[in-house]
1. Along the positive direction of the dipole of the stretch 5-120 (beta-carbon charges: Lys, Arg +1; Asp, Glu -1; about the Cα centre), which of F100, Y120, H74 reaches farthest?
2. Tell me the label-point distance for the pair D12, L154, using the 7 Å Cα-to-Cβ offset, in nm and rounded to one decimal.
3. Give me the percent relative contact order of the stretch 5-120, please, defined on Cα pairs under 8 angstrom at least 6 residues apart.
4. Could you give each residue of the stretch 95-103 its phi-based ³J(HN,Hα) in whole Hz, using Karplus coefficients 6.51, -1.76, 1.60 with θ = phi - 60°, and x for Gly or Pro?
5. If we count other beta carbons within 10 Å of each Cβ, what is the order of F128, F29, F76, fewest first?
6. About the Cα centre, and with charges only on the beta carbon of Lys, Arg (+1) and Asp, Glu (-1), how big is the dipole of the chain? Nearest 20 debye, please.
7. Tell me the label-point distance for the pair K57, S146, using the 7 Å Cα-to-Cβ offset, in nm and rounded to one decimal.
8. Go through the stretch 9-21 residue by residue and turn each phi into a ³J(HN,Hα) via Karplus (6.51, -1.76, 1.60, θ = phi - 60°); whole Hz please, and just put x for glycine and proline.
Amino acid sequence: MPDKIKLLIVDDEVKFLESIARRLELRDFDVTKATNGQDALTIASKDRFDLVLLDLKMPGLNGKQVLEILKKDHKFLEVIILTGHGSLDSAVECTRLGAFDYLPKPYELESLLEKLQKAYEARLQKKFESDQERLEKIANLATGHSALGILRELRKLDDEEK
């Protein structure tokens, strides 16, 4: 399954969660499900995901709190908010916190697939740009540093990626 887009879907409405997961699995996504924010954070800490589809209103940690933590802890992760309790204010706040997009429930599958595609493209672009920056830093290290100095700098670069 390494060629599939890894998607974490977080929603406390179990029937909705199962339905959307099934629909996206049929379209070749590698889907993992969580029914609350804390489980989503635990799952995301143990596995790497490309995208997250996140409900806004959930008991315990709400979608905004989960979004904020995910964006802080996962540099290239793109998050789409999918909610039945949306408002202009919450859309603006979620965008400010780093959400890629914000969609109301009920959703149209084609629109959701388009948003997922654009979010994945944005993720790849960010990753590519970061990789380019790292390569440039590594190339610059080769001049003007001792072998030990280069190793130290490479370790710092490696630590930044974690």
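1. H74
2. Result for the modelled spin labels: 4.9 nm.
3. Normalised by residue count, the contact order of the stretch 5-120 is 23 percent.
4. Along the stretch 95-103, the couplings run 5, 4, 7, x, 5, 6, 7, 9, 10 Hz.
5. Least crowded to most crowded, the residues run F128, F76, F29.
6. Computed charge dipole of the chain: roughly 280 debye.
7. Once both label points are built, they end up 6.4 nm from each other.
8. 10, 10, 7, 7, 8, 4, 4, 5, 4, 5, 5, 5, 4
Throughout, read-outs are computed from the coordinates displayed, never taken from laboratory work. Note that the structure is a prediction, hence the values are computed from the model and not measured. Note that we place each Cβ from the backbone using ideal geometry, even for glycine, and neighbour counts take in every protein chain shown.
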